[in-house]
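**Q** The structure is given below, and queries will be raised subsequently.
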Amino acid sequence: MARSLVGFTVLLGFTVLLLFLSICESASFFQPIFDSHRSAAVELFSPDHGSFKSLEETYEALRTFDVLGIEKKPDVTATACRLVSETVGSSSSTLKDLFYALKANSIVKCKINDKAYQGIITRLNAAVDGANSLPDFYYSVGGLVLVKGSKGDVQLADADGIFRSVKAFRQSDGRWRFSSNNPESSAFAAGIALETLAGVVSLASPELDQSLISTLNSDISKLFDSIEKYDDGALYFDDKLVDGHDHQGPLATTSSVVRGLTAFAAVTDERLNIPSNKILGLANFFLGIGVPGDAKDLFNQIDSLACLESNRQCFALAVLMVSIPLILSLPSTVLSVTKEDSLQVNVNTVLGSNAPPLTVKLVGVFTSGSKAASLVESQELVFDDGTGMYNFNNLPKSIDVGSYTFVFEIVLHEPEHEKIYVTGGQKKVPIFVSGLVKIENAEIAVLDSDLGSIETQKTNHLQKLRVSFKLTTPHGLAFKPHQALLKLRHESKVEHIFVVGNSGKQFEINFLGLVEKFFYLSGRYDIELAVGDAVMENSLLRAIGHIELDLPEPPEKATRPPPQPVDPYSRYGPKAEITHIFRAPEKRPPKELSLAFLGLTFLPLLGFLIGVSLACTASFILSFNQKELNCRYTKFLETLTRVESMSDLLVSPAFFITDISEGEVKHFNFQSVKGCNFSGIILLRLGVNLNNFPSNTVPATFATLFHVSIGAVLSLYVLFWLKLDLFQTLKLLGFLGVILVLVGHRVLSHLAATSAKLKSA
């Protein structure tokens, strides 16, 4: 008996849903085409890169958009005209492509010259003469009918012979074969045959023998004898599954029959012997599909309904032979007594067009599942010119909270409209009347076998728990909910659910017989009450109290409580905080001692910098006599012209610098002489070993880059210590490392070659 709170709530809602569906299935009603179909058409007929996959799909999209009157649709006119022009101008195009090209052209109105039309007529006439199957006749005759609609002067020379050739595929049960080689009959082929024969009749000159046309009436009647029916009154055609490749579903088969039927009705003077209720049943079949999820199915639905509704959208005069169905629908099938909702009814054609002048009568209102008399008398609904709806205001007191079946009837004002439209007689519509239900006389009591009812929240296994309450409707009548459940939940989360009886009766729980089911768990039990119904606007799930239950000690072999399910959402909740104790830091020397050691570390570097500074100062700021300076400088230049290596500069510069200590103090900037600058002379004076430094320009450049690269790497280490992270440092070090390897290899190669030459010399 243990259940979770989620399962308890779902069980209640699911049961109410089943009740709702069972009532809806008892009397279904249909809605005409509305905006959802238009949205689906735009979504399903979406061109790929501005065009559809085939001419057939192009025509189906154009036809669907045209019937539904969609304004914001993909602009495929230019692409469609290009495909049409290519197809009609090509002698290699198939009959099927040519047929759908002409169908698409009947909507987009592309420019086709007379020469192209003559070629099409010649080719189609030849195809009619050589046809040996029903599809060949269908595409060739259908193409000629479309050309006649554009040019107006197309005829069949041997219409009687072609009519008899097509009738040769007829079967005795009203179905047709696709070819003489295929013995299987098909309702889908019957629709194609009727549409083909209608085309032959329209192209005949002179008029066709009426006896040939009259014989088709009996064939159509036989075909409708095989029609199938759903429980909701919808009628449809279906073929037996013989060949899975050629099999068409009920929607495609029924659509083919409707197109053929309305096409044949357009060319005959005789009224077809088809009961009007069957036409309405076909319309209900297409409307009962709802909004298809496939483009082909949506086209078949919309095109068939268009043929049933209006001769303007199908074939001229078809309206005189096939009645137009009128659909009664309700914007809402739920009325609230508390809110005083009014009943509203719409009457439209299958495509949502306005109906002719008529009256809607409410024949009766019956309680669902009851055979009692009607709760209201027959009366007419009031028509609202502003909304175009028929209204029934102020529901009578006899209609309270519950589920009902409303019976409507449509009465046409004009007698001649009865020959054009079909209403289908009385229409049953399931309607829910909801409202706020009051809870009265609620009581929870603990019963003792000796003392009766006692006021206490503590009980034991020898006592009983009694729960009672009464539900009343807004009109004060007793209300019996579809579900009333009582739940006891132990503090360990173990739950027990009980089904409460009908309203007004007491419900008791005898703990003596439930000790084992309660798993001998003593302690606090919270009590929750759930009351729900499809027509109850204030269905509730409410905590109503708690008890302290004292049960005997469990025996050794007693059943233990089942493990409670884990809340699946608990994994997303906050986790327990992790407490981590870090290792105590090791003892370090005083801060002053560390700073002193750091200062000692930088003393050699400081001494080096001071020495360089003094050497530079002594070299640049000299006291000399101007005349002596010019002389010594000239001598210095002469000496430099005889220098063969950097080691020869160790004497001449020193001599020059130390020999001009007399005279006037001047500042002299020594420029580079023979590739050697003054900073290099200073380094030599400081004792830097440049014996192996290359003297040629290219090797000297690589040697300089090598030392600069080493300095850049050292600078990168400093930046890593100050601000860069490891990944940034590795990226820069990789770049500098490549340069360092290349220039270093070049320098070392030069030094190795120079050393080899000296040794060989």
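The values are calculated or read from the model by the stated rules, or taken from the named source; none is laboratory data. A quick note: this is a predicted structure, and the numbers were derived from the prediction, not measured. Note that each Cβ is placed from the backbone with ideal geometry, even for glycine, and that neighbours are counted across all protein chains shown. Accessible surface areas use protein heavy atoms only, side chains included; no ligands, DNA or RNA. Shrake-Rupley method; radii C 1.70, N 1.55, O 1.52, S 1.80 Å.
**Q** Over the range 438-554, one equal point on each Cα, no solvent: what is log10 I(q)/I(0) by the Debye formula at q = 0.18, 0.19 Å⁻¹?
**A** The Debye formula, applied to the Cα set alone, gives -0.93, -1.01.
**Q** With +1 on each Lys and Arg Cβ and -1 on each Asp and Glu Cβ, and nothing else charged, work out how big the dipole of the range 35-314 is about its Cα centre, in Debye to the nearest 20. Show your work: numbers first, answer last.
**A** Working: 27 positive and 37 negative charges, 121 e Å.
The calculation lands at about 580 debye.
**Q** Next up: To the nearest 10 square angstrom, how much accessible area does Leu156 have with a 1.4 angstrom probe?
**A** 10
**Q** Could you work out the mean projected area of the convex hull around the alpha carbons of the range 35-314, in square nanometres to one decimal? Each step should come with its number before you reach the end.
**A** Values: hull surface 59.1 nm².
Its Cα hull, projected and averaged over all orientations, spans 14.8 nm².
**Q** Provide the gained length on full extension for the span Ser760 to Thr387, in nm with one decimal, where the gain is 0.36 nm per separating residue minus the Cα-Cα distance. Mind showing how you got there, number by number?
**A** Numbers: separation 373, 0.36 × 373 = 134.28 nm, distance 11.52 nm.
Stretched out fully, the Ser760 to Thr387 stretch lengthens by 122.8 nm.
**Q** Can you give me the P(r) profile for the range 69-183? Cα pairs, bins 5 angstrom wide beginning at 0, each as a whole percent.
**A** 2, 11, 20, 20, 16, 12, 9, 6, 3, 0
**Q** Using a 1.4 Å probe and ignoring any ligands, DNA or RNA, find the accessible area of Leu595 and quote it in Å² to the nearest 10.
**A** My reading of the accessible area for Leu595 is about 100 Å².
**Q** Leaving ligands, DNA and RNA out of it, work out the accessible area of Cys81 with a 1.4 Å probe and give it in Å² to the nearest 10.
**A** Counting only protein heavy atoms, the figure is 30 Å².
**Q** I would also like to ask the following. Using a 1.4 angstrom probe with every protein chain in place, what is the largest-first accessible-area order of Phe720, Phe408, Phe507? Working shown, then result.
**A** Working: Phe720 90, Phe408 0, Phe507 35 Å².
Sorted by accessible area, descending: Phe720, Phe507, Phe408.
**Q** Subtracting the Cα-Cα distance from 0.36 nm times the residue separation, let me have the gained length for Asp567 to Asp341 in nm, one decimal. Before the final figure, lay out the partial values.
**A** Values: separation 226, 0.36 × 226 = 81.36 nm, distance 4.19 nm.
Extending this stretch completely gives an extra 77.2 nm.
**Q** Going 7 Å from the Cα of Asp75 toward and past its Cβ, which residues in the range 106-121 have a backbone nitrogen under 20 Å from where you end up?
**A** Once the point is set 7 Å along Cα→Cβ of Asp75, 107-111 turn out to lie under 20 Å by backbone N, inside the range 106-121.
**Q** So for the range 325-434, what are the equivalent ellipsoid semi-axes in whole Å, largest first, each being the square root of 5 times an eigenvalue of the Cα gyration tensor?
**A** The equivalent ellipsoid of the range 325-434 has semi-axes of 25, 15, 12 Å.
**Q** Using a basic spin-label model with each label point 7 Å from the Cα along Cα→Cβ, how many nm lie between Thr559 and Leu719?
**A** Modelled inter-label distance: 7.6 nm.
**Q** Oh, and also: To the nearest 0.05, how large is the calculated FRET efficiency for Tyr230 and Ala442 if R₀ is 51 Å and r is the Cβ-Cβ distance?
**A** On the way: r = 46 Å, r/R0 = 0.90.
The calculated FRET efficiency here is 0.65.
**Q** Calculate, for Glu491 and Leu462, the FRET efficiency according to 1/(1 + (r/R0)^6) with r their C-beta to C-beta distance and R0 25 Å; round to the nearest 0.05.
**A** On the way: r = 22 Å, r/R0 = 0.87.
Approximately 0.70, to the nearest 0.05.
**Q** May I ask you to evaluate 6.51 cos²θ - 1.76 cosθ + 1.60, the Karplus curve with θ = phi - 60°, for each residue of the range 206-215 and list the ³J(HN,Hα) values in order in whole Hz, giving x for glycine and proline?
**A** Those phi angles translate into x, 4, 6, 4, 5, 5, 5, 6, 5, 5 Hz.
**Q** Report the net charge of residues surrounding Asn132, where surrounding means a beta-carbon distance below 15 angstrom and charges are Lys +1, Arg +1, Asp -1, Glu -1. Can you show the working numbers first?
**A** Values: positive: Arg164, Lys167, Arg177; negative: Asp129, Asp136.
Around Asn132, the surrounding residues sum to +1.
**Q** Ok, one more. Report the FRET efficiency, 1/(1 + (r/R0)^6), for Gln210 and Lys53, where r is their Cβ-Cβ distance and R0 is 35 Å, rounded to 0.05.
**A** Numbers: r = 43 Å, r/R0 = 1.23.
FRET efficiency, Gln210 to Lys53: 0.20.
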